[in-house]
Structures are given as C-alpha cells and as structure tokens.
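The values are calculated or read from the model by the stated rules, or taken from the named source; none is laboratory data. Owing to the predicted nature of the structure, the values given are computational and were not obtained by experimental measurement. In case anyone asks, the SASA skips ligands and DNA or RNA and just uses the protein heavy atoms, side chains included. Shrake-Rupley method; radii C 1.70, N 1.55, O 1.52, S 1.80 Å.
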Amino acid sequence: MQHRLDHRRRLWKQAKLLQQKRRSPWHATENEPVVVSGITSIFEQNPAPKLRQLLHYWIKIKASGRMPSREIVSVFQISGLLPYVWLIDVVRSPHIRFRFGLIKTHVHRANAQEPLARYLDETEPKADTSMLCDYFRRVVAEERPLFRRGRPLMPWRSNFKIQQSLYLPLSDQEHQIDGILAISLFRDGAGRWH
C-alpha cells in the first residue's frame, strides 16, 4: 500500500513538473511577471512582433561593434515603430536617476494620465516606479536588453491586463549608457494588443 502511494506521489510530482515546463511564456500574471535579460533569453520568450523588430534592429547595429546610440530613434519613422517607443534619459549625477524623454502617441493613449514628473522616481505609484527603476539600473549595469511581461506598471488604464516591454541600452560618444530605448505593448481584457 505504501509503495503504491509513493508511486502516485512521484507520478503527481512528475506531471506537475511537466505542466510547469509546458507553461506558455505568454501566461505572465499579476503576481508572476516574466523578466529576462540577454538576447537569447528574450527571443525564447517569444515577444510580440513589434518588440522583435526593434530588438533585431538593435542587434544589427550592435553587431557592427558599437553600442547603439540615440540616432537610431529617427529611423523608426519609416518602420512604423516610433508611435510605440519611449526614451528614458540616464542621469548620473549626483546618483543614477531616470528622466522621461521621448514618449510617443501610443504610450500617451495607453497612459491614464500625463506624466507630470520629470524624473521616473517622482512618479506615483512608488512601488511600480521603484520596480521600473530597478529594471533600468539592471539595463545600465549589464549593458544589455531586458524584457518584461506582466501586469502593467505605472498608472495605466485598468482595462489593460498584461504589458510587454523591451528595454534597450543606448550609449553616448564615450560608450557610456546615457539612454534606454523602450517599447511597450498592452493587452486588454478581450485579448487585443494595443
């Protein structure tokens, strides 16, 4: 009897592990966001086509031997990505902070309110902005892209359930990270991406 019970427990554990492995990366939840850095890890998460398009372009520039800079932003007027991107300035003195830069039409439409603060850490809710600043610090420190999928951060409208974002480091002439190019998409309750 005990042997049969142990066997069932082992089978149950194996089935549970298999179910976790099969779990779709699209099923991020409010309590369990997916956050990965590095090009390979990001592609394994199967990001939305617009995020992949921006990442491919960033990789193409990086492959030439230099870190992409702010000049790449203007190129997106042609590719149709400009309405989805936003730019964060990295301010390093007296300590590292992040300032809102370019925020285009799509993100304005998704935002419940206009960002009144100039710096990200001055924006409410503090728990979300603190988490976002941690992600940005990681991008700056590691000098590599970061992908996040989970509940929307910042004061997004309540009808958005999931946010996918890609954060890409940009450098200045001295090869120091001075900006983060971000692209964000939002999924509503009906499963449509905006």
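Against the criterion of solvent-accessible heavy-atom surface with a 1.4 angstrom probe, 60, 161 sort, most first, into 60, 161. In summary, the aspartates and glutamates within cross-link reach of residue 62, defined as a Cα separation below 18 angstrom excluding same-chain residues under 8 places away, comprise 71, 142, 143, 172, 174, 178.
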